[in-house]
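So the structure is just underneath, and the comments pick up after that.
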Amino acid sequence: MADEPKAPQSPESPKPDSAGAKSAPPTAPASAEAAPFPAAKPAAPARPAPPPPKPPVVMQIPLDNDLTKRYREQFGAAILDAIEDRKQPYLVIAATQLAEIARYSRDVEKFDLLEDYTAVDWPRREKRFDLIAILYSFPHNMRLRLKIPLAADETAASLVEIWPTANWLEREIFDMFGISFNGHPDMKRILLPEEWQGHPLRKDYDILQQDTAWVRENLGIASGQ
Amino acid sequence: MSPTLQAVLAFVQTWWVELVSGVVIVAVVPLVAGYIVLMERKLMADMQARLGPMRVGPHGLLQPIADAVKLLIKEDIIPDNADKVVFWIAPVVSMTAALTSMGAIAFGPAFQVARDINVGLLFVIGVSSLGIFGIVLGGWASNSHYSIMGALRSTAQLVSYETAAGLALVSGLLLAGTLKIRAIVDAQQHFGVWFVFLAPVAFFIYVVASIAETNRAPFDLPEAESELVAGYMTEYSGFRWALYFLGEYANMIVVGAVATTLFLGGWLRPFPNVRWMNWLDALPALFTAAVGAYCVYRAGKQPVRVQTWFMWGVALACFVVALILAVPLLVAPLKFLVPGLHGAFWFLLKISAYIYLFMWLRFTLPRYRFDQLMHLGWYILIPLAIVNVLAVGVAMILEMEYGWNRWLAMLLTTVITLATALFLLRLNDKRAAAASSAAPPPEEPSTEDSYAG
Amino acid sequence: MQDDAAQNQTLLGADELVLNMGPQHPSTHGVLRVKLKLDGERVRGTECVIGYLHRGVEKIAENRSYQQFAPYVDRMDYVAAVSNGLGYCEAVEKLLNVEAPPRAKVIRTIMTELQRIASHLIWLGTHALDIGALTPLFYCLREREEILKIFEKYCGARLTTHAFRIGGLQYEAYDSFEKDVERFCKDFERRIQEYVDLLTGNSIWIGRTRNVGVLSAEECIALGASGPVLRASGVKWDLRKAQPYAAYDQYKFEIPVGTNGDTYDRYMVRMEEMRQSRLICLQAIENIPAGPIMGKVGKVLKPPAGEIYHSIEAPKGILGYYIVSDGTTQPYRVRIRPPSFINLQALDKMARGHLVADVVAIIGTLDIVLGEVDR
């Protein structure tokens, strides 16, 4: 796994991260100019590397259709932004209103399937995490993403009451990112062992990093590699 | 000569036949069981579009020996928390019961293993069902959840199906009027017909129940691999496991022998009393000779010379057997050997067919669930067996007291029993339908949802 | 096991038995561990313990380039590697805003449908084996072998194929590709009848699967269960029809649905799906358009910053890829929506009140692959 010492752990690798900097060689690709936060200011790469015939323009365009209008009417300031990225709409919403918006999405807008629920880590942002809920509506045959910015010390409301399928998905987010959910019936790790230290999908968790103590104790080997 | 020695000598003089028989059983049955396993694997492979064991010996013919050696030299594991003594005894009990019950079985008029005790069939059934103790004790002593569940299932299953099997045998015994093995076969010769044709329902019940008794698919719940890993045998390994295995296959031979004796005419050839069918007597010799000829034909196609020799050896053995079977027919002074030798041949052939049926079912059918198994046993087979006993009794009275034609009486009662069977099946379907519609799986009012997973 | 039992003894009622099914167990299809709360043989609750096969695929993705990561997705649902690859390649193509040429799309469709048949065959064989029927497994493997041979001829690999590339295909279909697929499809109709003969009408099979593990359509949607599980509950919904991808909009096929949502219905739905996949293959090989097989993508992929979610109808359900790009050559985040993982959540709902033997049937009918559950 470690045979390719090439990639920096995160696009902001020059920043002295605790773990990330250790294994990241100084030969970082010269492409770190991309914006780490695509929603805020989508920086179109100026270079002609991507092959589509037309040089890609801004992929994220503000969205203002009936659906977003209804959401804005209903929740006002809780809808922070509405964007369409490559013809896929998403709403950026405030974590405080998550449960209400989710319930509204299911009951009124008929997004009856929570297709996926995950998170993205943006360590350099003020609100570090984005929770991503991908909703699907059977009656309308369309998808909607909810994006919920969340600070590192914040917790989100659990969606298990609204979509039972969120149960394991939230546990996985907790496992991988350390975001915990209020009102989840069984908030514990799901894929990693219960006693594991650290949350692997955070950007400051190096790909070679592991809970060495746990591995030694439970597997009886000095290192997993 | 000391009195002790004298006593021993006297004992041996009186019981030498039994002693020799015992040694023969213990020595031969494991080998036979091994080859039944090989046959099973080969048949299974054939039905599943593959080859089966091919590596050890030509066509895997030496596979059982390799398996036995492997099992013998395997590490002997006893779980820490097991009850060591019981764990040690249990498989022995299982196998002893199976082998002992063989003692009373007659493989042909000349090959009664022990002696023809007057409660012959009862002895066989009684002793062979003692084997359940081995299973229960083994399951309990292993101190493992899978084992104990397998043992409990096994107990419930055996108790249920032993009843049905016993009642089915009673139907046959009513016709025979005796428990003596030899006398049962003689009765069939006297009737001129195998009892399976007089009491087909009883035979069918016995087939089903005996599959369940020997824990074979589709009733192999006590050792259902996909559910209980290996049931009561989960914690056993090596030689102990082999003992259980041996017991199981010995049991198959026993139930096959019982069914053959009581329903399939024992060692009688088909149509024993019909003179113009006497050409059937030549069949055993021709059959073995044909097997031998096939071996010769295959011998040239073996890839390794050792295998060619081996095939020649098998062919030679077959020809010798064919010769032994044929000579008494041709040489007048040896005529007296015919019933014994040919009886053994027919008996073994019938047992093989019975065991083949077991295997065929195993490869074809999915497994019953435990409650379905119990339903089948208690709601269908046992009532049906009781009705069948009554019906056979009535038929015999009709025949003996009122002079009815035997076939007519038996036909009538069989029809009655079949009608009962249909009625029971209908009833069971209704019950199942009612159960599934009335009781959807009980929802737990899960207060804290820690098991929601 | 002993320790667990003792520990649970205090948590649970004294008359409840905790049975550990797995991770080493013949019928948990890998390293799934299910803690069964039993009352006699009746299941009072289940708890899945997963993660034994966790390899951190999503973390690996963040440290590989887009092309480098493509082989990794094959290792998730390893009995349907082609489908995984299709989902990933299409997702990245969408992210790049390129499209595979028509010829590539059709070949992809054929391969994916063959893979669906292969995956369903594995499911059928193991499911039948769990319920105690030994023979169907070997028949299924025999047919699957033919499919794997086609894969091998096409790309050299049988299991983890990495058959597709971002932007199209690397390999042209070999000379007798159409003929091989056609021969398989013609043959398969007869073969499928063998499974039907062995199982469909068998009263033991029906007894073991009818009314076992019932899920209503509402429960399915609430639990996120997708694929054949959802369709068996009567929801006529298939991503191939709802949001066609690859070349599925060109072919006629039916979406089989069940009525009761029990194990038997799921069996029937999957059997019918195999027949429909066969029909799709037959339609597709009739007219494979000529032309290039690779779209216009560069050697170095640098998708513009942004994100994409793309999902396909994998053999086991909705397989979704959520990819975030930061404009570099490596994905910033790849999230994989694994159908097995989410379908497995329904186990508790389905198993409660049933017997231990039914749990085995239910695990089988969910058609999980632990490589995908744990990733």
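The values are calculated or read from the model by the stated rules, or taken from the named source; none is laboratory data. Note that this is a predicted model, so its numbers are computed, not measured. Here the Cβ positions follow ideal geometry from the backbone for every residue, glycine too, while neighbour counts run over all protein chains shown.
Just checking, which of C:V98, C:V73 is out of contact with any Pro (no Cβ under 8 Å at 6 or more places or on another chain) and away from chain B (no Cβ under 14 Å)?
C:V73
With the requirement that a residue be at the interface with chain A (Cβ under 10 Å from one of its Cβ atoms), free of Cβ contacts under 8 Å to residues at least 60 places away in the same chain and not in a loop (DSSP other than H, G, I, E, B), what does the range C:218-240 give you?
C:E218, C:I221, C:A222
Could you figure out which of (1) out of contact with any strand residue (DSSP E or B) (no Cβ under 8 Å at 6 or more places or on another chain); (2) over 17 Å from C:G227 (Cβ atoms) isn't true of C:E307?
(1)
Starting from the range A:88-105, take each residue that is among the acidic types (D, E) and list its partners that are surrounded by fewer than 19 Cβ atoms within 10 Å (Cβ to Cβ) and part of a helix (DSSP H, G or I), counting only C-beta distances under 9 angstrom and pairs at least six apart or across chains.
That search, which allows pairs on different chains as well, returns A:E100/A:Q74; A:E100/A:F75; A:E100/A:A78.
Would you pick out the residues in the range B:427-453 that are at pLDDT 75 or above and either more than 14 Å from chain C (Cβ to nearest Cβ) or not in a helix (DSSP H, G or I) (or both)?
B:L427, B:K430
So which of B:V29, B:V23 ends up being closer than 25 Å to B:I253 by Cβ and surrounded by 12 or more Cβ atoms within 10 Å (Cβ to Cβ)?
B:V29 is the lone residue from the list that is closer than 25 Å to B:I253 by Cβ and surrounded by 12 or more Cβ atoms within 10 Å (Cβ to Cβ).
Every residue, every condition in (1) within 30 Å of C:I323 (Cα to Cα); (2) of a type in the set (S, T, Y); (3) touching a residue at least 40 places away in the same chain (Cβ under 8 Å), yes or no:
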position	(1), (2), (3)
C:L134	no, no, no
C:E145	no, no, no
C:K149	no, no, no
C:Q170	yes, no, yes
C:D175	no, no, no
C:C185	no, no, yes
C:D197	no, no, no
C:G207	no, no, no
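Could you say which residue among C:V334, C:V257 is hydrophobic (A, V, I, L, M, F, W, C) and in contact (Cβ under 8 Å) with a residue 60 or more places away in the chain?
C:V334
If I filter the range B:209-227 for residues that are part of a helix (DSSP H, G or I), crowded, with 20+ Cβ neighbours inside 10 Å, within 14 Å of chain C (Cβ to nearest Cβ) and modelled with pLDDT of 85 or more, do I get at least one hit?
Yes, the range B:209-227 contains at least one residue that is part of a helix (DSSP H, G or I), crowded, with 20+ Cβ neighbours inside 10 Å, within 14 Å of chain C (Cβ to nearest Cβ) and modelled with pLDDT of 85 or more.
Select, from C:I221, C:I280, the only residue that is among the β-branched types (V, I, T), at pLDDT 85 or above, within 29 Å of A:L135 (Cα to Cα) and touching an Asp or Glu at 6+ places or on another chain (Cβ under 8 Å).
Checking each option against the conditions leaves just C:I221.
Which residues, taken from the range C:346-355, are in contact with a Leu (Cβ under 8 Å, 6 or more places away or on another chain) and surrounded by fewer than 24 Cβ atoms within 10 Å (Cβ to Cβ)?
C:A346, C:L347, C:K349
Return the total of residues in the range B:265-304 being over 20 Å from B:I351 (Cβ atoms) and either in a loop (DSSP other than H, G, I, E, B) or in contact with a helix residue (DSSP H, G or I) (Cβ under 6 Å, 6 or more places away or on another chain) (or both).
13
Has the range B:329-350 got any residue that is surrounded by fewer than 16 Cβ atoms within 10 Å (Cβ to Cβ) and within 14 Å of chain C (Cβ to nearest Cβ)?
No, the range B:329-350 contains no residue that is surrounded by fewer than 16 Cβ atoms within 10 Å (Cβ to Cβ) and within 14 Å of chain C (Cβ to nearest Cβ).
Could you say whether any residue in the range C:329-342 is surrounded by fewer than 23 Cβ atoms within 10 Å (Cβ to Cβ) and out of contact with any Phe, Trp or Tyr (no Cβ under 6 Å at 6 or more places or on another chain)?
yes
If you go through the range A:120-133 one residue at a time, how many are surrounded by 21 or more Cβ atoms within 10 Å (Cβ to Cβ) and either at positive phi or touching a residue at least 60 places away in the same chain (Cβ under 8 Å) (or both)?
Count: 2.
Provide a single number: the residues in the range A:168-223 that are in a helix (DSSP H, G or I) and of a type outside the set (A, V, I, L, M, F, W, C).
8
Identify all residues within the range A:66-87 that are on the phi < 0 side of the Ramachandran plot and touching a residue at least 24 places away in the same chain (Cβ under 8 Å); write none if there are none.
A:L67, A:R70, A:Y71, A:Q74, A:F75, A:L80, A:D81, A:I83, A:E84, A:D85
C:L198: aliphatic (A, V, I, L, M) and modelled with pLDDT under 85, yes or no?
Criteria met by C:L198.
Out of A:Y117, A:Y136, which single residue is within 11 Å of chain C (Cβ to nearest Cβ), buried (at least 16 other Cβ atoms within 10 Å of the Cβ), among the aromatic types (F, W, Y) and over 15 Å from the mean Cα position of the chain (by Cα)?
A:Y136
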